[in-house]
1. Residue check, A:MET145 against (1) of a type outside the set (D, E, K, R); (2) surrounded by 20 or more Cβ atoms within 10 Å (Cβ to Cβ); (3) within 14 Å of chain B (Cβ to nearest Cβ); (4) on the phi < 0 side of the Ramachandran plot, all met but one. Which one?
2. Out of all the residues in the stretch B:375-385, is one or more assigned to a helix (DSSP H, G or I), under 30 Å from B:ALA291 (Cα atoms) and at pLDDT 75 or above?
3. Within the stretch A:1-49, can you find the residues that are more than 14 Å from chain B (Cβ to nearest Cβ) and either assigned to a loop (DSSP other than H, G, I, E, B) or at pLDDT below 65 (or both)?
4. List the helices (runs of 4 or more DSSP H) inside the stretch A:72-162, counting only whole elements, that have at least 2 residues being within 15 Å of the chain's Cα centre (by Cα) and either touching a residue at least 24 places away in the same chain (Cβ under 8 Å) or farther than 21 Å from A:LEU192 by Cα (or both).
5. Pick out, from the stretch B:221-303, the strands (runs of 3 or more DSSP E) lying fully within it that include 1 or more residues that are more than 30 Å from B:THR52 (Cα to Cα).
6. Report whether or not B:GLU188 is within 12 Å of another protein chain (Cβ to nearest Cβ), of a type in the set (D, E, K, R) and touching a residue at least 12 places away in the same chain (Cβ under 8 Å).
7. Would you mind listing the helices (runs of 4 or more DSSP H) fully within the stretch B:86-164 where at least 3 residues are buried (at least 20 other Cβ atoms within 10 Å of the Cβ)?
8. Under 8 Å by Cβ, and 6 or more places apart or on different chains, what pairs join a residue from the stretch B:128-154 that is at the interface with chain A (Cβ under 9 Å from one of its Cβ atoms) and within 19 Å of A:ALA158 (Cβ to Cβ) with one that is of a type in the set (Val, Ile, Thr) and part of a loop (DSSP other than H, G, I, E, B)?
Amino acid sequence: MSATTSEKTADLTAGSSWKALVIQPIALAVILGLMVWWLFAADLTETERITLDPGYLWGLTLQHLKLTAVSALFVLITAIPLGILLTRRPFRGVSGLFMALANIGQAAPIVGLIVLFAFWMGFGTPAAMVTLVAYAFLPVLKNTMVGLDAVDARLIEAARGMGMSALTVLWKVELPLAVPVMLAGIRTALVLLVGSATLATFIDGGGLGLLITTGVNLALDRVLIFGSLLVAVFALIIDWIARVVEYLATPKGL
Amino acid sequence: MSNSSKITGATILLENVTKSYGSKKPAVNQLTLEIPAGQTVMFVGPSGCGKTTTLKMINRLIEPTSGRIVINGEDVTKMNGDDLRRRIGYVIQAGGLLPHLTVGANVGLVPKMLKWDKERIRQRTDELLDLVSLDPEIYRDRYPKQLSGGQQQRVGVARALAADPPVLLMDEPFGAVDPITRQRLQEELIHVQAELHKTIVFVTHDFDEAVKLGDWIVIFNEGGKIEQYGTPEQILAHPANEFVEDFIGSGAGLKQLGLARVRDVRMRQLPTVDLGEDAAAAANRLTEAHAIRGVVLDQHDRPVGWISRRHLEKMSTVVLPDEKGVPTVGESSTLDDALDTMLVAGSSEAAVTGARGRYRGVITVNTVIRAIEGLSHEAVEEVSVPVGHNTGAIPVATTAENGVITYEMAEDDQQKEDEWLTSANREWSETDRQKWENYSSLDPAEDVVGEDPNLKGSGSERA
């Protein structure tokens with residue numbers, strides 16, 4: 001009896017996913033290291049040297065990060081509250097409408113969407129950000145709602161029965177229990193954002209996509225591959241950070 | 001907490017309470033019900049009869065459409081619902097523990113909301129875990145999913161008691177645990193209540209559970225209509241109408257076994273034999289007592305087996321002839337449990353044990369059968385029943401010297417209530433009957449002993 005329960009206790013503190021959490025950053029660091037080593041060791045042509053200049057790369061990366069971060073932040077501060085609101089009893093009726101809208105945002109091809117927004121709002125970073133927000137909205141909204149809906153109604157009633165107010169129940173019971181599902185949605189959205197932000201370059205929105213388009217346009221295969229790899233590594237780093245947050249924020253005992 | 005020896009419960013009055021959803025028939029219609037202070041009142045009835053709705057109206061998880069809820073003389077119908085609920089303990093099936101909080105944090109939830117300081121919460125938590133037989137050192141920091149169903153349920157009870165509320169509402173709390181655990185939880189609740197004297201309102205669909213735990217039983221019919229309100233003894237001996245009769249089933253005498261304790265009946269005394277003593281002396285004692293068999297006790301006087309004179313004659317010192325053991329029941333168990341134990345063991349007798357498992361005597365199936373016969377003829381004590389009806393008349397409160405509030409009907413209203421309770425127009429339709437028969441697994445078998453399929457379980461298999 002005591003043996004089995006102590007095993008269970010161990011399970012709670014050390015889930016099976018911690019190994020993946022350690023391996024992923026190591027692998028990413030190795031890849032990134034190899035890329036940097038190649039950058040300095042390879043025999044680059046003059047154009048390649050200019051496009052792959054470390055300072056220039058750093059600038060592009062920061063642009064990309066900004067695109068992703070700002071749109072992600074905007075998605076979080078709109079989609080999560082909306083998801084919470086739509087699961088409250090008075091608003092349940094209209095949740096279908098909002099889900100349909102969010103679905104359109106994601107179902108429409110993002111390349112088309114980004115151009116449409118550019119024509120409407122003018123070329124540049126703001127239009128790119130709006131597109132990204134529309135694109136990443138659904139997974140966050142949907143997972144917020146699914147996560148909250150999945151909380152056992154009897155638990156909510158028990159909590160109300162103890163004298164917790166509706167707001168306290170949301171804050172202390174519903175959200176903590178919905179956190180794993182919500183964070184999974186946020187992670188999906190973030191990875192989507194990092195990838196999709198490469199398209200910003202088409203409407204002059206900046207970011208690492210520039211490396212890829214330059215590579216394609218000037219037939220610089222090495223720049224193209226380097227750019228793609230950089231975006232992929234960037235996406236995986238964001239994914240890893242989100243996984244760590246998920247791991248830490250998931251309440252014990254679930 | 002300081003006056004735990006006295007009644008800490010509060011009187012509850014539901015005054016002409018109605019709950020209706022839209023245009024449909026009201027779920028609870030014009031219910032007036034007094035719950036006496038410090039007593040356990042069981043709500044039983046078929047599903048959809050409004051018993052759970054009634055319970056939840058007491059802490060206003062469900063707001064009554066009309067009528068008043070009065071607790072200890074105070075009208076709580078209009079007060080802040082959250083504040084009210086912090087003053088009332090609430091236990092649901094499987095405990096309703098928050099899975100992301102430790103056992104300790106779960107128990108400390110209400111005190112925390114009431115802004116007790118940390119040290120006081122910690123002390124109270126440990127005290128309560130102790131009360132429900134969970135070692136605080138072991139369980140305080142565990143998470144609910146690391147506990148068994150029965151343990152979770154205990155924590156649920158501890159949590160409900162945390163802020164020492166005068167009233168405890170329990171909504172089919174033991175419905176989800178296995179029969180053996182349920183029996184233990186029920187016994188623990190009896191002990192806890194004997195210590196604390198809370199006002200407990202307990203919803204169940206298991207009539208045996210109601211008989212076992214209740215000071216009073218309210219039998220509800222559809223629409224929150226009270227069919228009978230009385231002590232278990234009264235209801236078993238004098239069911240008010242056909243509805244109640246059908247609910248109890250024909251085994252009323254058997255159900256009274258749930259009321260009688262083993263220590264109340266005459267036990268048989270068999271000669272006892274100590275392990276390791278001289279076999280010849282033991283055999284002599286059996287002969288002197290004209291007994292063919294004796295009970296073997298270990299060094300702590302606990303019964304460990306039967307032994308016959310023939311066996312003894314073949315031994316030099318007493319050893320156990322077989323490893324079958326002996327069915328035992330505690331002397332404070334109900335006759336129902338005793339019978340259960342014998343049937344499960346396939347034996348016609350069981351050893352009765354007292355404190356620390358010491359041997360007290362032997363109970364046989366015959367003893368139990370005689371008790372059944374005796375019980376069904378025993379006169380039931382006349383006691384005045386708390387107020388409970390659906391006539392719409394409102395009772396008058398009186399406060400006793402010790403501060404306990406009781407209610408009474410005005411004289412002509414009382415008459416109305418009596419008439420109502422016995423009125424012939426409370427018809428009992430075929431559909432009602434069918435509902436009962438599908439609902440309760442009580443078999444209307446006529447034979448009292450041996451044939452009744454329910455005999456086996458004081459609630460076993462009756463989910």
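The values are calculated or read from the model by the stated rules, or taken from the named source; none is laboratory data. All of these numbers come straight from a predicted model, not from anything done at the bench. Here Cβ is always computed from backbone atoms with ideal geometry, including for glycine, and neighbour counts include all displayed protein chains.
1. (3)
2. Within the stretch B:375-385, none of the residues are assigned to a helix (DSSP H, G or I), under 30 Å from B:ALA291 (Cα atoms) and at pLDDT 75 or above.
3. A:ALA14, A:SER16, A:SER17, A:ALA42, A:ASP43, A:LEU44, A:THR45, listed by residue number.
4. Here the list reads A:125-149.
5. Strands (runs of 3 or more DSSP E) meeting the threshold: B:272-274, B:293-297.
6. In short, no.
7. Result: B:103-107, B:109-113, B:118-131, B:149-161.
8. Here the result reads B:ARG142/B:THR102; B:TYR143/B:THR102, each pair linking the stretch B:128-154 to a residue that is of a type in the set (Val, Ile, Thr) and part of a loop (DSSP other than H, G, I, E, B).
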